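A.B. asks: Pasting a structure here, questions to come.
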Amino acid sequence: PKGCGGESTSLTTKSSTMKELSKEKLMDCADKYFDALTSSMVGIVKNYQDQGKNLREVAVAQAVQMEFASVANTAGEAALEKEGVTQDEFKAAIEKNQSDPEVGRHLAMLQMKQQRDMSLAGVPQP
């Protein structure tokens, strides 16, 4: 049928233009990605605190989480773009390297650092 070939070609073209990241580049990008997310989230928290809002109130905590969700992806993508990496390339590299112990430890360390930084910024931990 007409059109099927075009779709398959566009998928092939998309995947062939996606570059594969080395393990080292992945970990470097992960550092920048998590730093951008954390910085963005800390800024949101500080804004709420400056307004005198109690982050332990359910409605405030939900509002903070909603703002995190809307802002975090943009901040993370912007950090990756500065490295010349797309969100899809980053995700593909994580999936490819997820069983690598060094990558796993590095990502776990970044998540723990992010939780600590968020806690220090005053975000109540679940």
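A.B. asks: Please work out the average accessible area per residue across the chain, using the 1.4 Å probe convention, and give it in Å².
C.D. replies: 64
A.B. asks: Straight distance only, please: which aspartates and glutamates reach the Cα of Lys82 with their own Cα at less than 16 Å, same-chain residues fewer than 8 apart left out?
C.D. replies: Correct list for Lys82: Asp28, Asp31, Asp35.
A.B. asks: Report, to the nearest 10°, how far helix 58-82 tilts away from the longest principal axis of the Cα atoms in the chain, using its own Cα long axis and a range of 0 to 90°.
C.D. replies: 40
A.B. asks: What angle do you read, to the nearest 10 degrees and between 0 and 90, between the alpha-carbon axis of helix 4-17 and the longest principal axis of the chain?
C.D. replies: Helix 4-17 sits at roughly 60 degrees to that axis.
A.B. asks: Let me ask you something else. Report, in listed order, any pair from Lys53/Lys113; Lys46/Lys91; Lys19/Lys91; Lys32/Lys53 with a Cα-Cα distance greater than 19 Å.
C.D. replies: From Lys53/Lys113; Lys46/Lys91; Lys19/Lys91; Lys32/Lys53, over 19 Å: Lys53/Lys113; Lys46/Lys91; Lys32/Lys53.
A.B. asks: Arrange the residues Asp100, Asp50 by how much accessible surface each exposes, largest first, with a 1.4 angstrom probe.
C.D. replies: Descending order: Asp50, Asp100.
A.B. asks: Moving on to the next point. Using a Gaussian network model of the chain whose springs link C-alpha atoms within less than 10 Å, name the residue from Asn73, Asn54, Asn97 with the highest mean-square fluctuation.
C.D. replies: Maximum fluctuation in the GNM of the chain, among the listed residues, is at Asn54.
A.B. asks: For region 38-116, which trypsin sites (Lys or Arg not before Pro) pass both filters: DSSP loop (anything but H, G, I, E, B) and at most 15 other C-beta atoms within 10 Å?
C.D. replies: Arg56
A.B. asks: Rounding to the nearest 10 and keeping the result within 0 to 90°, find how far the Cα-based axis of helix 23-50 lies from the longest principal axis of the chain.
C.D. replies: Around 30 degrees separate the two axes.
The values are calculated or read from the model by the stated rules, or taken from the named source; none is laboratory data. From a predicted model like this one, the values you see are computed outputs, not experimental measurements. Here the Cβ is made from the backbone with ideal geometry for all residues, glycine too, and neighbour counts use every protein chain on show. Note: areas computed on protein heavy atoms with side chains; ligands, DNA, RNA excluded. Shrake-Rupley method; radii C 1.70, N 1.55, O 1.52, S 1.80 Å.
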